[in-house]
Amino acid sequence: MSSLEQNVPASATHYSGAMFSGASHMTFGASSTFQTNVYEADRSKEIAASAAPAGSILHFDILDFICSQKPKGFTAGMTDLGPVSPFFTGRKDILADLETYFFVKSPSTEAQEKKLFVLYGMGGAGKTQTALKFMNTFRKRFTQSYMITANSEESIMASYYDIALKNGLGEFSNWEAGLRWLSQHEEEWIILYDNADDLDLDLGKFLPQSSHGNIIVTSRNSSLKQISIKSKVLKDMEPEDGLQLLLKHAIKDHEATPEQKLTASDIAAQLHYFALALTEWKSTSKC
Ligand SMILES: Nc1ncnc2c1ncn2[C@@H]1O[C@H](COP(=O)(O)OP(=O)(O)O)[C@@H](O)[C@H]1O
Ligand SMILES: [Mg+2]
């Protein structure tokens, strides 16, 4: 049964003839016909509207039904990876841990296990940037890379819908189709589940049920580490890395003088080598 069929309410089946009597390409008969042709409805919405009997209520019901497959908050390309800061610095230990877990021990399809790594720590510590840096560095080793904003069910569903579209499942697909695609494709895809901070959110129900695939979850919530055997906390940066990051942000057009380095070293220490604080500092101050 096609994904669309699963979501067609029983009551929808009797809409077919009446509604699309003038638009035979929209037949709701055999599942293949339905799935293939319903995609064409995108182009045909207006045609179907004109084809339905004047004043038909069924016509609007079914179009509403089809259109409702698009989750709220969806925007095309929303699962594209965000940018890595051009000033990205340090985090070598965590990047090495990620590399070891995802590659050095055999990849997920060989190991026949879904790999899940949780990065947790305070907001602004650098979780998202570190995950993106890893995914970007090794992008050729992954078959597909997606970024899901995981702060609400709505944004997760919209993201899976985007994944469905990216994999050619068609605009009249639904969010579950994206999830199913990942479960069914034994490939080295990777998903960044970013900002999974809400403990009330049942993340388990949104993770692909598979024995393959790679997932990085970032969260402010330390208890989320329980969902995986692999996790790492992100805290302050190494002092030398923190200093370098501050200098990169504060002085862009010339090498830091020894005095500037000393001053920056004090400031970086006062900021506890905390990534967000180091990058924000440059915007309000001059070195
Ligand atoms: N290793 C790093 N190198 C350079 N900038 C960083 C680094 N880590 C974080 N930042 C910067 O700090 C800010 C917060 O990072 P982010 O990854 O969004 O934090 P989190 O996901 O933990 O809330 C961003 O502006 C980001 O560019
Ligand atoms: Mg983040």
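For this structure, a couple of remarks:
- Flag for Leu201 being under 19 Å from Met122 (Cα atoms), within 16 Å of ligand 2 (Cβ to nearest atom), at pLDDT below 95 and part of a loop (DSSP other than H, G, I, E, B): yes
- Matching residues, region 128-146, being part of a helix (DSSP H, G or I) and farther than 15 Å from Lys230 by Cα: Thr128, Gln129, Thr130, Leu132, Lys133, Phe134, Met135, Asn136, Thr137, Arg139, Lys140, Arg141
- Some residue of region 116-130 being surrounded by fewer than 12 Cβ atoms within 10 Å (Cβ to Cβ) and more than 19 Å from the chain's Cα centre (by Cα): no
- Of the residues making up region 89-105, those that are surrounded by fewer than 16 Cβ atoms within 10 Å (Cβ to Cβ) and within 16 Å of ligand 2 (Cβ to nearest atom) number 0.
- Complete set of residues in region 106-127 that are among the hydrophobic types (A, V, I, L, M, F, W, C) and either within 14 Å of ligand 2 (Cβ to nearest atom) or assigned to a strand (DSSP E or B) (or both): Leu116, Phe117, Val118, Leu119, Met122, Ala125
- Test: residue in region 209-228 that is more than 28 Å from Ala96 (Cβ to Cβ), more than 12 Å from ligand 1 (Cβ to nearest atom), surrounded by fewer than 16 Cβ atoms within 10 Å (Cβ to Cβ) and in the same structural domain as Thr109 (by TED's automatic domain parsing): yes
- Taking region 183-224 as the range and being on the phi < 0 side of the Ramachandran plot and of a type in the set (S, T, N, Q) as the test, the residues that pass are Ser183, Gln184, Gln209, Ser210, Ser211, Asn214, Thr218, Ser219, Asn221, Ser222, Ser223.
- Of all residues in region 225-242, those satisfying the criterion of being part of a loop (DSSP other than H, G, I, E, B) and of a type outside the set (Gly, Ala, Ser) are Ile229, Leu234, Lys235, Asp236, Met237, Glu238.
- Residue that is modelled with the lowest pLDDT, among those in region 97-144 that are among the aliphatic types (A, V, I, L, M) and more than 16 Å from ligand 1 (Cβ to nearest atom): Val104
- For first residues located in region 124-135 and in contact (Cβ under 8 Å) with a residue 60 or more places away in the chain, partners that are near ligand 1 (Cβ under 8 Å from one of its atoms) and among the charged types (D, E, K, R) and lie 6+ apart or on another chain with Cβ distances below 7 Å form the pairs Gly126/Arg91; Thr128/Asp194; Thr130/Arg91.
- Subset tally (residues that are assigned to a helix (DSSP H, G or I) and under 18 Å from Phe88 (Cα atoms)) for region 245-264: 7
- Test: residue in region 225-232 that is touching a helix residue (DSSP H, G or I) at 6+ places or on another chain (Cβ under 8 Å), within 16 Å of ligand 2 (Cβ to nearest atom) and modelled with pLDDT of 95 or more: yes
- Given (1) away from ligand 2 (no atom under 16 Å from the Cβ); (2) touching a residue at least 12 places away in the same chain (Cβ under 8 Å); (3) over 21 Å from Leu95 (Cβ atoms), index of the condition Asp241 fails: (3)
- Breaking point among (1) closer than 27 Å to Ser223 by Cα; (2) modelled with pLDDT of 95 or more; (3) surrounded by 16 or more Cβ atoms within 10 Å (Cβ to Cβ), for Ile163: (1)
The values are calculated or read from the model by the stated rules, or taken from the named source; none is laboratory data. Everything quoted here is computed from the prediction, not taken from an experiment. Every residue, glycine among them, receives a Cβ derived from its backbone with ideal geometry; neighbour counts consider all protein chains shown.
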